[in-house]
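Taking it in order: structure first as structure tokens, then the write-up.
The values are calculated or read from the model by the stated rules, or taken from the named source; none is laboratory data. What you see is a predicted model; the values in this text were computed from it and never measured. Cβ coordinates were reconstructed from backbone atoms using ideal geometry, including for glycine residues, and neighbour counts include every protein chain displayed. Side chains are part of the model used for accessible areas, which takes the heavy atoms of the whole protein and leaves out ligands, DNA and RNA. Shrake-Rupley method; radii C 1.70, N 1.55, O 1.52, S 1.80 Å.
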Amino acid sequence: SGVVANEIDLQKKIRLTNTHQHYRQHKFNLMVEESEGFSKYLRAILLLLDRDTFIPSKEDSGSALLLRSIATFSLDPNRCLDILLDVLEREVAEAKDPINSFGPVQQSRVDQLLDLIQALSLDKLPGVLAFKLNEAKDKK
């Protein structure tokens, strides 16, 4: 007389538990996300790019500030990465404008954005980029 009443039921329970642990997709409730969170996230990015107003401290680095805003408002990290890529795209497009010269200030801002992208999870980057490229191809 074992602890388990039925071996088949135990195997089924183990299989369901393993499947749930390893293959469950973590979704974010988009109805919970507030526009206030995304606006504060975007404001944090722009604040980080403005050298005159943001003086980083040890405990308040750029990536920590962004991660804190993601956690505070339960924002979808993929959407946050998408916003960061949009800001990077705007910075590069602005730098390519013949009126603006691509000087050290623009290069510094692009480098900062690339550092922030690296601070977020890079494993999601290929999927977000593929989605953005497909979306751009569909628009043309």
Note to self: Against the conditions (1) under 14 Å from the mean Cα position of the chain (by Cα); (2) at pLDDT 85 or above; (3) open to solvent by 40 Å² or more (accessible area, probe 1.4 Å), where does residue 132 fall short? Just the number, please.
What the structure shows: (2)
Margin query: Tell me whether the stretch 99-109 contains one or more residues that are modelled with pLDDT of 80 or more, among the hydrophobic types (A, V, I, L, M, F, W, C) and open to solvent by 50 Å² or more (accessible area, probe 1.4 Å).
Written below: no
Note to self: For the stretch 18-41, give me the residue count where each residue is closer than 21 Å to residue 87 by Cβ, modelled with pLDDT of 60 or more and either open to solvent by 70 Å² or more (accessible area, probe 1.4 Å) or part of a loop (DSSP other than H, G, I, E, B) (or both).
What the structure shows: 4
